[in-house]
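Undergrad: Take a look at the following structure, please.
The values are calculated or read from the model by the stated rules, or taken from the named source; none is laboratory data. Here the structure is a predicted model, which is why all the values come from computation and not from measurement. We place every Cβ from the backbone using ideal geometry, glycine too, and count neighbours over all the protein chains shown. With ligands, DNA and RNA removed, areas are computed over all heavy atoms of the protein, side chains included. Shrake-Rupley method; radii C 1.70, N 1.55, O 1.52, S 1.80 Å.
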Amino acid sequence: MADLSPIDLQKALKGADYPAAKDDLVSVARSNGADEGIVKKLSETGTERFDGPNEVQKAVFGNE
């Protein structure tokens, strides 16, 4: 799989309502047809609740 990009993550989470639980974001990503790599990264974050897309991006990509 190619490297994940923030744009891929944004597309995967299109339509997500915040604040959101991690499991809800995983469901949104799956329903949007996200790559399994994105779903896995979301599932493996240590954060259980996100206040917005910036928090999700930080959790998935770290301090890139």
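Undergrad: Restricting things to alpha carbons, find the Rg to Rh ratio for the chain using the Kirkwood radius for Rh. Intermediate results must be reported in sequence, preceding the final value.
TA: Working: Rg = 10.2 Å, Rh = 11.4 Å.
Rg/Rh: 0.90.
Undergrad: Note down the net charge around Leu13, summing +1 for each Lys or Arg and -1 for each Asp or Glu among other residues with Cβ under 12 Å from its Cβ.
TA: Spelling it out: positives minus negatives among the neighbours equals +1.
Undergrad: Another question about this same structure. With a 1.4 Å probe and all protein chains left in place, how much accessible area per residue does the chain have, in Å²? Each step should come with its number before you reach the end.
TA: Working: 4240 Å² over 64 residues.
Heavy-atom accessible area per residue stands at 66 Å².
Undergrad: Follow-up. Kindly provide the helix-only [θ] at 222 nm of the chain, computed as the sum of -39,500 (n - 2.57) over DSSP H runs of four or more divided by all residues, to the nearest 500 deg cm²/dmol?
TA: Rounded to the nearest 500, the figure is -15500 deg cm²/dmol.
Undergrad: Once you have the Cα-Cα distance between Gln10 and Glu55, take 0.36 nm times their residue separation minus that, and quote the gain in nm to one decimal.
TA: 15.0 nm
Undergrad: At 1.4 Å probe size, put Leu4, Leu25 in order of accessible surface, largest to smallest.
TA: Details: Leu4 40, Leu25 0 Å².
Descending order: Leu4, Leu25.
Undergrad: State to the nearest 20 debye the size of the charge dipole of the chain about its Cα centre, where the only charges are +1 on K and R beta carbons and -1 on D and E beta carbons. It would help to have the intermediate numbers written out before the result.
TA: Values: 8 positive and 12 negative charges, 17 e Å.
For the chain, the charge dipole is close to 80 debye.
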